[in-house]
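Everything on this sheet refers to the single structure shown next.
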Ligand code: IPE
Ligand code: IPE
Ligand code: MG
């Protein structure tokens, strides 16, 4: 018992002593929120309760990012591949999304958060689309953190949609072939005017991107943790940012 207490205390000290350089806070953090199912399994709970616990982690991390002055937080909540899960699980995820938007709207709005989404949301149930559109319309002029919920998001699908958008504008003469550059292609992505993520975080021990921000992650710093998403706290976020601040981002150049 004594030992456990000592360990807890040391852990707490580490998190409190993590001095972050406030002038080097990443402008855009993106998180692959993974491990809800395993978190539930370890506790003999249904997967839906793992997702519910994951929403608590969202609450904590959104608040902390806003407090730290992060400009954009993109959360991978539902991938284009997640439709292949049992219908019951998909349903529970959609219900949680609506619940989250309903319960959190007032507080997020009061804290100046913009609630945005990326992905092909036209395929989501009507109730989700209505809540997302309402939340965006009411918060779009806020000046704090932009929360991007990646829903029915797939990096490859996003690139296909961008190519289609360019094709339409080429045909109508809105742009010419020579105008197509990397910058222009970026503008046709769901992320449009949002800067590329500086830091991508994936909890749960998996070391892959799973079709997340394929175009935008070209020069993102990656940070992985064995902790499952429902156990992700402010401390892990600070550890990731602290590690990010020590990295040398060369972008192919030499010093
Ligand atoms: C992430 O947790 C949530 C979504 C993908 C929607 P998972 O449900 O993938 O959890 P694991 O990977 O099975 O533990
Ligand atoms: C990635 O997690 C998608 C989200 C977190 C929404 P998955 O659990 O779906 O990814 P894989 O199957 O482990 O690659
Ligand atoms: Mg998973």
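Out of everything in region 1-26 that is in contact with a helix residue (DSSP H, G or I) (Cβ under 6 Å, 6 or more places away or on another chain) and part of a helix (DSSP H, G or I), what residue ends up being modelled with the lowest pLDDT? Among those residues, the one meeting the criterion is 15. Screening 54, 119, 69, 50 for residues that are surrounded by 15 or more Cβ atoms within 10 Å (Cβ to Cβ) and at positive phi leaves exactly one candidate, 119. None of 146, 74, 80 is buried (at least 16 other Cβ atoms within 10 Å of the Cβ) and over 19 Å from residue 211 (Cβ atoms) except 146. Checking 200, 194, 241 one by one, the residue that is within 16 Å of ligand 1 (Cβ to nearest atom), modelled with pLDDT of 95 or more, crowded, with 17+ Cβ neighbours inside 10 Å and under 17 Å from residue 72 (Cβ atoms) is 200 and no other. The set of residues in region 27-76 that are within 12 Å of ligand 3 (Cβ to nearest atom) and outside any helix (DSSP H, G or I) comprises 32, 33, 34, 35, 76.
Table: residues versus (1) more than 21 Å from the chain's Cα centre (by Cα); (2) in a loop (DSSP other than H, G, I, E, B).
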{"site": "169", "(1), (2)": "yes, no"}
{"site": "175", "(1), (2)": "yes, yes"}
{"site": "191", "(1), (2)": "no, yes"}
{"site": "195", "(1), (2)": "no, yes"}
{"site": "217", "(1), (2)": "no, yes"}
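Could you check, for region 122-131, whether at least one of its residues is more than 16 Å from ligand 1 (Cβ to nearest atom), modelled with pLDDT of 95 or more, under 25 Å from residue 216 (Cβ atoms) and crowded, with 16+ Cβ neighbours inside 10 Å? No: zero hits.
The values are calculated or read from the model by the stated rules, or taken from the named source; none is laboratory data. Quantities reported herein were computed from a predicted structural model and do not represent experimental measurements. So basically every Cβ, Gly included, is an ideal-geometry build from the backbone, and we count neighbours across all protein chains shown.
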